[in-house]
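The next block holds one structure in the form of structure tokens; read it before the comments.
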Amino acid sequence: LEIISYNHNVFIDLTPGKIHTFSEQTLKVLKSLDKDVEFISFYRMDDRVELEDFYKRLCNYSKRLKYQLIDLERNPGKAKLYGITHARTVVKCNGQTRTIGFATEERVVNAILKLTQGIAKTVYFSKGHDEEEGYADLNKGLENENWRVEKIALLENKDLPINEAVLVIAGPEKDFPASEISILEQYLH
């Protein structure tokens with residue numbers, strides 16, 4: 001039984017809110033990895049067990065993941081090599097490096113997407129018509145999903161960048177002049 005259980009590791013999350021279960025999107029990203037990704041987490045003594053559990057669960061879904069846990073107090077020289085002064089995680093893939101805060105599911109998946117997919121898709125929010133400004137949570141959510149968020153004035157940028165871009169016109173208070181409407185028509189066709 002011990003050999004079978006070792007070779008067929010099964011994880012069951014019995015917590016009420018399934019707090020130890022990864023989202024479907026995370027599982028999809030992990031299972032579709034075609035490049036090796038390495039995480040180097042610099043931690044304080046109290047965080048080691050939590051980080052190790054987190055990375056072991058991640059590694060159950062992809063053999064392409066590797067991780068190192070480095071105690072900041074015992075290895076200050078290694079931390080200095082990466083410019084790390086407090087608990088952070090360095091993510092490496094394809095010769096690129098990205099530093100994130102404490103490793104969480106959201107941060108790790110976002111880093112993996114940015115390093116493996118390269119260029120982020122863009123969401124442009126129109127400006128110049130007294131559009132709504134209260135979209136900070138939406139912007140943060142889009143950035144976490146590997147979208148780049150920018151504002152754009154249509155009259156200043158007559159040639160909208162179309163490649164994998166989305167244009168959002170969020171509750172304008174002023175009408176669009178005919179010249180901007182023609183820019184929008186060209187964008188839509």
- Message: Rounding to the nearest 10 and keeping the result within 0 to 90°, find how far the Cα-based axis of helix 48-59 lies from the longest principal axis of the chain.
- Response: 70 degrees
- Relative contact order for the chain: what is it in percent, counting Cα pairs under 8 Å that are at least 6 residues apart? 16 percent
- Message: From the helices alone, meaning DSSP H stretches of at least four residues, give me the mean residue ellipticity at 222 nm for the chain, per-run term -39500 (n - 2.57), in deg cm²/dmol to the nearest 500.
- Response: -10000 deg cm²/dmol
- Item | Crossing angle, helix 178-188 versus the chain [Cα axis fit, 0-90 degrees, rounded to tens] | 40 degrees
- Please determine, in degrees from 0 to 90 and to the nearest 10, the orientation of helix 105-117 with respect to the longest principal axis defined by the Cα atoms of the chain, where the helix direction is its Cα long axis. 70 degrees
- Quick one: which of 134-143, 42-51 comes out on top by average Cβ neighbours within 10 Å, and what's the full order, highest first? 42-51, 134-143
- Query: Between Gln68, Phe42, Asn94, whose Cα lies farthest towards the positive end of the dipole of region 1-107 when Lys and Arg beta carbons carry +1 and Asp and Glu beta carbons carry -1, centred on the Cα centre?
  - Reply: Asn94
- Determine which lysines satisfy two conditions relative to Lys28: a Cα distance under 30 Å, and not lying fewer than 8 residues away in the same chain. Lys18, Lys56, Lys63, Lys66, Lys92, Lys114, Lys121, Lys140
- Item | Burial ranking of peptide ranges 56-63, 73-80 (average Cβ count within 10 Å, highest at the top) | 56-63, 73-80
- Message: Once neighbouring chains are kept in place and the probe is 1.4 Å, which whole percent of the accessible area of the chain is contributed by carbon and sulfur?
- Response: 51 percent
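The values are calculated or read from the model by the stated rules, or taken from the named source; none is laboratory data. Computed from a predicted structure; not experimentally measured. All Cβ positions, even for glycine, are placed from backbone atoms using ideal geometry, and neighbour counts span all protein chains on display. Calculation scope for accessible area: heavy atoms of the full protein, side chains included, ligands and nucleic acids excluded. Shrake-Rupley method; radii C 1.70, N 1.55, O 1.52, S 1.80 Å.
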